[in-house]
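Inspection log for the structure reproduced underneath, given as structure tokens.
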Amino acid sequence: MKNTKPKHGVFSNIIFTFKNVYRINKILLVAMAEMVFVMVAQPMITILMPKFIVQFFEESRALSDFIILIVVFGVVSLILGQIRSFADGYFPIMKSMYRSMKLGSEMCLATMHVHYKYLSSELGQLECGKAQHAMSRPATGVEDTVLRIVECGANLIGAVVYIIILSSLSPFIILGLIACGILSFLAGNVVNRYRLKHKDTINKIRKKGHYVKNATRDSKYAKDIRMYGMFDWLVSLGQKFVDEENEWESKITLREFLSAAADGLVAFLRDGIAYGYLVILVLNNEIPVSEFILYISLIAGFSMWVSNLAKNAIILAADSLELSDFRVFMDKAEENLNSRLPAMSFNSPVSIEFRNVCFSYGEKEIFKNFDLKIQKGKKIALVGVNGAGKSTLVKLMLNLVEPSEGQILINDINSKEIDIRDYFDLFSVAFQDALVLAYGIDSNISMKSSEETDQERVDDVIKLAGLEEKINSLENGKYTSAERYLDDQGTELSGGERQKLILARALYKDAPFLILDEPSSALDPIAEAQLYEKYNEMTKGKTSIYISHRLSSTKFCDEVLLLDGGCITERGTHDELMKLNGKYAHMYMVQSHYYNDRKEEASA
Ligand SMILES: Nc1ncnc2c1ncn2[C@@H]1O[C@H](COP(=O)(O)OP(=O)(O)OP(=O)(O)O)[C@@H](O)[C@H]1O
Ligand SMILES: [Mg+2]
């Protein structure tokens, strides 16, 4: 069976929480100490007061002593009450700020810095989801640990203080009380172990459930859901995961109930025996009534401390599992951020070489012993059938995924020796599946806020990408939101307009290596012809790769590469490959056949 032991244990997580509370908000640390103090002190006062009152009667003390006693207790209670209500007010607010404002934004940053290959893997998605769950609410791992540390701290100190006061009683009673406490704790721990054992299974079910729920409200799927009548299918899928999650919750709840019942039985026996013992002591005149009252309250109070300690320690252990998930994910980002290599700058343009590269998606092998060299400043057209691996080759070039064997070299330097941030700076890419954000078109091009954007450059690339006419038609021009999701005044870009925007984004970045993955699939013939015409201008002083199924695009490139079966099977200019009369020539003929037929029809 898979090892389910969490990476970070409870004590390590407690230390982690203290360190972070200290780093983020020292006042929260003071609030925690204050909470512990009042939680212990308040019940102590309540217990001591009746004991002293009875004792004063037993000792027939003067009325003035009695009044002083009442006043002292009254003032102390009042002060403690004030401290408590003050702490009750600001402790939850600070605790929540600690999670949602500080650690929340740190996690957002971490999610954007963690390796792409990790984040896009199944493991990365699962771990990121678990970390997000730990951070999502006040009652989950990250924030709740703060509360449980306070609760456990107060209950532990309370129990120790009460035991010290009770220590004048028989050691058997003390040992019995401690043994009962341990039993209560063990009963609760059974539930915790069960929860730990099945945590990953429950998380997987939860993830599947969220996926279905999100799909039903995501506007990207809304058209298909309606057109294909996917209602019953999605509802039954969602219900299935809800049922599975409920089934697990019921199993856990049953164990919690049994554990609570065992705890109740232990408490009943413990209190019964202890009270019986005290009654015998009073009847034998071994202790006065005032001490009897004190001990009875202490034993009841001790039981309360122990049972609360057990309850909170179990919740702390459950929180700790979630906090461990959070830390595992944050450690991944930390590793990435700390592995900064010396800064390296490159003279534009750059060369790239694949040497003996192997890469698979799980079992599916895409490249085996793949070799390719692209010289500086070359304009390459990369063609191949659907699924040939063109976009995967781009991901390998960009270091978004890693080869299992072999090397990728930039200007003869192994890509692994180049810091990932410097490496990303080398490439401008128009991804085949790029998205636009619900912010201004200018920001969608620069990928920065409007204020930080070089607006002149935005205007230039808008012209170069053929988006000028569209921008001019908008009331707010390039400042119009590229989606209506957050702004009613926003626009809804057509498929081709979106593609032009993504091209403009790649041009704005102006990196030494330009990669366009299917930049013209949605363009009308005139826009496509304009793109071809401007391609020389776009790629001036750069190395470039143009991926397209429209083979006419290969004519303005220096070289055409045909990717087939994980290898470059044909390489040369368009004319050379046509002469070769291989697969490229065949594909070209098939595509041009229809147009030629139409031309012949027209001239007939
Ligand atoms: N993340 C992934 N996990 C598993 N398989 C993948 C993944 N991405 C791509 N593949 C598979 O790898 C193969 C190559 O995909 P790739 O996207 O590189 O093809 P392509 O040549 O760009 O195709 P197209 O012309 O359709 O864009 C395909 O069979 C695809 O199913
Ligand atoms: Mg592709």
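The values are calculated or read from the model by the stated rules, or taken from the named source; none is laboratory data. Because the structure is a prediction, the values reported are computed rather than measured. Here Cβ is always computed from backbone atoms with ideal geometry, including for glycine, and neighbour counts include all displayed protein chains.
How about the range 523-566: which of its residues are within 16 Å of ligand 2 (Cβ to nearest atom), polar (S, T, N, Q) and under 40 Å from the mean Cα position of the chain (by Cα)?
Result: Ser548, single match.
Restricting to the range 401-437, name every residue that is aliphatic (A, V, I, L, M), out of contact with any strand residue (DSSP E or B) (no Cβ under 6 Å at 6 or more places or on another chain) and under 30 Å from Glu492 (Cα atoms).
Ala434, Leu435, Val436, Leu437 - these are the residues of the range 401-437 that are aliphatic (A, V, I, L, M), out of contact with any strand residue (DSSP E or B) (no Cβ under 6 Å at 6 or more places or on another chain) and under 30 Å from Glu492 (Cα atoms).
One residue is enough: does the range 563-576 have a residue meeting the conditions of a type in the set (Asp, Glu) and in a helix (DSSP H, G or I)?
Scanning the range 563-576, I find at least one residue that is of a type in the set (Asp, Glu) and in a helix (DSSP H, G or I), so the answer is yes.
In the range 53-75, is there at least one residue being over 26 Å from the mean Cα position of the chain (by Cα) and under 20 Å from Ala154 (Cα atoms)?
no
For the range 1-18, give me each residue that is more than 12 Å from Ile149 (Cβ to Cβ) and modelled with pLDDT of 95 or more.
If the condition is that a residue be more than 12 Å from Ile149 (Cβ to Cβ) and modelled with pLDDT of 95 or more, then Ser12 is the only one that fits.
Answer yes or no as to whether Ser481 is farther than 25 Å from Ser348 by Cα, buried (at least 20 other Cβ atoms within 10 Å of the Cβ) and touching a strand residue (DSSP E or B) at 6+ places or on another chain (Cβ under 8 Å).
Against the criterion (farther than 25 Å from Ser348 by Cα, buried (at least 20 other Cβ atoms within 10 Å of the Cβ) and touching a strand residue (DSSP E or B) at 6+ places or on another chain (Cβ under 8 Å)), Ser481 qualifies.
Which members of the range 512-557 meet the condition of being of a type outside the set (Phe, Trp, Tyr), away from ligand 1 (no atom under 16 Å from the Cβ) and within 12 Å of Ala430 (Cα to Cα)?
Scanning the range 512-557 gives Leu514, Ser544.
Exactly one of these conditions fails for Glu469: (1) without any contact (Cβ under 8 Å) to a residue 24 or more places away in the chain; (2) under 31 Å from the mean Cα position of the chain (by Cα). Give me its number.
The number of the failed condition is (2).
Select, from Ser307, Ser297, the only residue that is closer than 30 Å to Tyr275 by Cα, more than 22 Å from the chain's Cα centre (by Cα) and surrounded by fewer than 21 Cβ atoms within 10 Å (Cβ to Cβ).
The conditions single out Ser297.
Can you pull out every residue in the range 116-150 that is farther than 27 Å from Tyr22 by Cα and in contact with a Phe, Trp or Tyr (Cβ under 6 Å, 6 or more places away or on another chain)?
Once the filter is applied, which keeps residues that are farther than 27 Å from Tyr22 by Cα and in contact with a Phe, Trp or Tyr (Cβ under 6 Å, 6 or more places away or on another chain), the range 116-150 yields only Gly124.
Output yes when any residue across the range 407-414 is part of a loop (DSSP other than H, G, I, E, B), within 22 Å of Thr543 (Cα to Cα) and away from ligand 1 (no atom under 16 Å from the Cβ), and no when none is.
yes
Condition test on Gln82, is it closer than 20 Å to His210 by Cβ and assigned to a helix (DSSP H, G or I)?
no
What are the residues in the range 355-401 that are under 31 Å from the mean Cα position of the chain (by Cα), away from ligand 2 (no atom under 16 Å from the Cβ), part of a loop (DSSP other than H, G, I, E, B) and surrounded by fewer than 16 Cβ atoms within 10 Å (Cβ to Cβ), if any?
Gly362, Glu363 - these are the residues of the range 355-401 that are under 31 Å from the mean Cα position of the chain (by Cα), away from ligand 2 (no atom under 16 Å from the Cβ), part of a loop (DSSP other than H, G, I, E, B) and surrounded by fewer than 16 Cβ atoms within 10 Å (Cβ to Cβ).
Output yes when any residue across the range 444-465 is over 27 Å from the mean Cα position of the chain (by Cα), surrounded by 20 or more Cβ atoms within 10 Å (Cβ to Cβ), in a loop (DSSP other than H, G, I, E, B) and not assigned by TED's automatic domain parsing to the domain that holds Met112, and no when none is.
For the range 444-465, residues over 27 Å from the mean Cα position of the chain (by Cα), surrounded by 20 or more Cβ atoms within 10 Å (Cβ to Cβ), in a loop (DSSP other than H, G, I, E, B) and not assigned by TED's automatic domain parsing to the domain that holds Met112: present.
So which residues in the range 345-396 are of a type in the set (S, T, N, Q), at negative phi, away from ligand 1 (no atom under 14 Å from the Cβ) and in contact with a strand residue (DSSP E or B) (Cβ under 8 Å, 6 or more places away or on another chain), if there are any at all?
Across the range 345-396, the qualifying residues are Ser351, Gln375.
Listed here are the residues, each with its yes/no results for (1) out of contact with any Cys (no Cβ under 9 Å at 6 or more places or on another chain); (2) in contact (Cβ under 8 Å) with a residue 24 or more places away in the chain; (3) in the same structural domain as Val142 (by TED's automatic domain parsing); (4) surrounded by 13 or more Cβ atoms within 10 Å (Cβ to Cβ).
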| residue | (1), (2), (3), (4) |
| --- | --- |
| Met39 | yes, yes, no, yes |
| Leu48 | yes, yes, no, yes |
| Gln55 | yes, yes, no, yes |
| Glu58 | yes, yes, no, no |
| Leu63 | yes, no, no, no |
| Phe66 | yes, no, no, yes |
| Gly81 | yes, yes, no, yes |
| Leu103 | yes, yes, yes, yes |
| His115 | yes, yes, yes, yes |
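Among the residues of the range 570-595, write down those that are loosely packed, with under 15 Cβ neighbours inside 10 Å and either closer than 19 Å to Gln432 by Cβ or within 16 Å of ligand 1 (Cβ to nearest atom) (or both).
Within the range 570-595, Val590, Gln591 qualify.
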